[in-house]
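Trainee: Below is one structure. I have some questions about it.
Read-outs: derived from the displayed coordinates by stated rules, not from any lab. None of the values given here were measured: they were computed from a predicted structure. All Cβ positions, glycine included, derive from the backbone under ideal geometry; neighbour counts span all protein chains shown.
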Amino acid sequence: MGTALTVFFVNNTKVQISVELLSLVFLTYFNGYLYTKYQYRKPIIGRILVVNAVSFALGVILILSFYNVDVLLKWLTILLLGLAYNSRFLNTFVRKIPLLKIFYVGLSWALVSAWLFLPKIDEAIFWVGFLYVSALVLPFDIRDKSSDKVITFPKFIGVVATKRLAYVLLVFSGGLSFIYFNTLYAVAFGGAIVVALALVYGASESKPDWYFSLWVETCCGLPLLFLILLEYF
């Protein structure tokens with residue numbers, strides 16, 4: 001879904017969507033997801049690292065073949081941010097810092113969309129993406145409130161206040177999209193905001209895991225889906 005969100009944002013710039021771009025973005029999110037999710041499973045960690053190494057090599061080849069060293073340096077920076085977030089090879093990683101998680105994830109995702117393929121950061125895309133992704137992390141913190149060993153917003157301010165924070169982030173993100181994006185993109189993104197608001201409202205510890213892994217995560221793909229529907233139907 002991260003790839004779909006990046007395509008939505010990048011398509012709103014002068015950068016052409018290509019197979020190479022899609023492949024690199026997919027490898028970026030795939031690498032991060034695979035390592036973060038399975039790094040503590042000792043029986044398979046060796047195979048996971050091999051897959052990560054192959055994905056990394058493919059990413060480097062793609063960049064050097066179709067882009068330039070500047071994109072390579074940006075990509076490596078984003079990967080290092082991902083490693084610093086949660087890595088078994090570090091004594092201390094960012095995820096252990098109280099309350100920082102949602103903003104750090106929002107930052108990493110926003111940089112892929114607003115910086116990786118552009119000469120400089122597109123501030124509109126950065127802030128819209130940053131606020132949107134940060135808000136979407138909060139329902140997962142609500143789900144994990146009892147099991148999380150670090151201080152998250154639900155632990156610190158409670159579930160109700162956490163939902164209000166997510167509402168504020170989503171509304172600001174949607175508002176900025178109507179200011180900086182053209183009407184079609186803003187309406188598509190606004191539709192995704194409405195769905196995200198409803199899903200945040202319904203989030204609770206008692207909800208089944210598929211509520212978050214399916215519906216909440218799908219919110220990252222909704223802007224592109226709504227854009228396609230508006231353009232062709």
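Trainee: Would you work out which of Leu116, Val105, Thr3 lies farthest towards the positive end of the dipole of the chain? Charges go on Cβ: Lys and Arg +1, Asp and Glu -1.
Mentor: Val105
Trainee: Name the residue farthest towards the positive end of the dipole of region 132-174 from the options Phe156, Val133, Gly174, assuming +1 on Cβ of Lys and Arg, -1 on Cβ of Asp and Glu, about the Cα centre.
Mentor: Of Phe156, Val133, Gly174, it is Phe156.
Trainee: Step by step: find N for the chain, compute 2.2 N^0.38 Å, then divide the Cα radius of gyration by it. What's the final number? Write down the numbers at each step before the final one.
Mentor: Details: Rg = 17.6 Å, N = 233, 2.2 N^0.38 = 17.5 Å.
Output field value: 1.01.
Trainee: Using per-residue counts of other Cβ atoms within 10 Å, averaged over each peptide, order 157-170, 122-135 from highest down. Provide the component values of the computation, followed by the final result.
Mentor: On the way: 157-170: 17.2, 122-135: 22.6.
Descending mean neighbour count gives 122-135, 157-170.
Trainee: Between Ile179 and Glu217, what length in nm is gained on full extension when 0.36 nm per residue of separation is reduced by their alpha carbon distance?
Mentor: Numbers: separation 38, 0.36 × 38 = 13.68 nm, distance 2.53 nm.
Stretched out fully, the Ile179 to Glu217 stretch lengthens by 11.1 nm.
Trainee: Give me Tyr201, Tyr180 ranked fewest to most by other Cβ atoms within 10 Å of their Cβ, as a rough exposure proxy. Before the final figure, lay out each step's value.
Mentor: Working: Tyr201 12, Tyr180 16.
In increasing order of surrounding Cβ atoms, one gets Tyr201, Tyr180.
Trainee: Once label points are set 7 Å from the Cα along Cα→Cβ at both Ala198 and Thr13, what is their separation, rounded to one decimal in nm?
Mentor: 3.2 nm
Trainee: With +1 on each Lys and Arg Cβ and -1 on each Asp and Glu Cβ, and nothing else charged, work out how big the dipole of the chain is about its Cα centre, in Debye to the nearest 20.
Mentor: On the way: 18 positive and 11 negative charges, 171 e Å.
My answer is approximately 820 debye.
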